[in-house]
Amino acid sequence: EKTTVILELNAENLEKEIPLKTIKLPYKIGDDLTEILKLRKIYFDIGKYTIRPESIIELDKVVSFLNLYPSVKIEIGSHTDSRQSAQLNQILSENRAKETLNYLVKSGINPDRLIAVGYGESKLINNCSDGVICTKEQNQQNRRSTFIIINN
């Protein structure tokens, strides 16, 4: 039995056919697929929840992983920077999580395996909180999605 898995995006190797039985990725509950699969971060534009074109490739890697491990369930956690009100950021992050979940479902993943959670600005990964002046790049680091394994 064979499956197509996108392992790594580079010029020579966009896709590679590998026997299903040879793939053994170490993972446990609480791990983030972003790190396990070495994904480029899935970022969002300011005030938006649409998936960027460059994120499609990364989301397709999540789909491949979930197809390989059909018992795994994940939490899609979406986050914002702190530049709007906490209330608006909460709504925005929930929309980002739902949009990401919808993409995975449209790609064939059973919605029962997915939970979408918006964290708003509650889990910033740097010091760019309310009132702190940060660069565009620093703020962007907070506008992200994570894919946490919640059971296997």
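What follows is calculated from the coordinates using simple rules that are stated; it is not laboratory data. None of the values given here were measured: they were computed from a predicted structure. Positions of Cβ are generated from backbone atoms using ideal geometry, with glycine treated the same way; all protein chains shown enter the neighbour counts.
Converting phi to 3J(HN,Hα) with the Karplus coefficients 6.51, -1.76 and 1.60 and the offset θ = phi - 60°, region 54-62 yields 5, 7, 4, 4, 5, 5, 5, 5, 5 Hz in sequence order, with x at every glycine or proline. In plain terms, the chain from SER85 to TYR69 could stretch by 1.9 nm, reckoned as 0.36 nm per residue minus the Cα-Cα distance. Legend: calculated FRET efficiency, ILE115 to GLU35, from the Cβ-Cβ distance at R0 = 22 Å, rounded to 0.05, equals 0.70.
Under 5 Å from the amide H of ALA116 lie the amide H atoms of ILE76, each residue being 5 or more positions distant or on a separate chain, with H modelled from the backbone and absent for Pro and chain starts.
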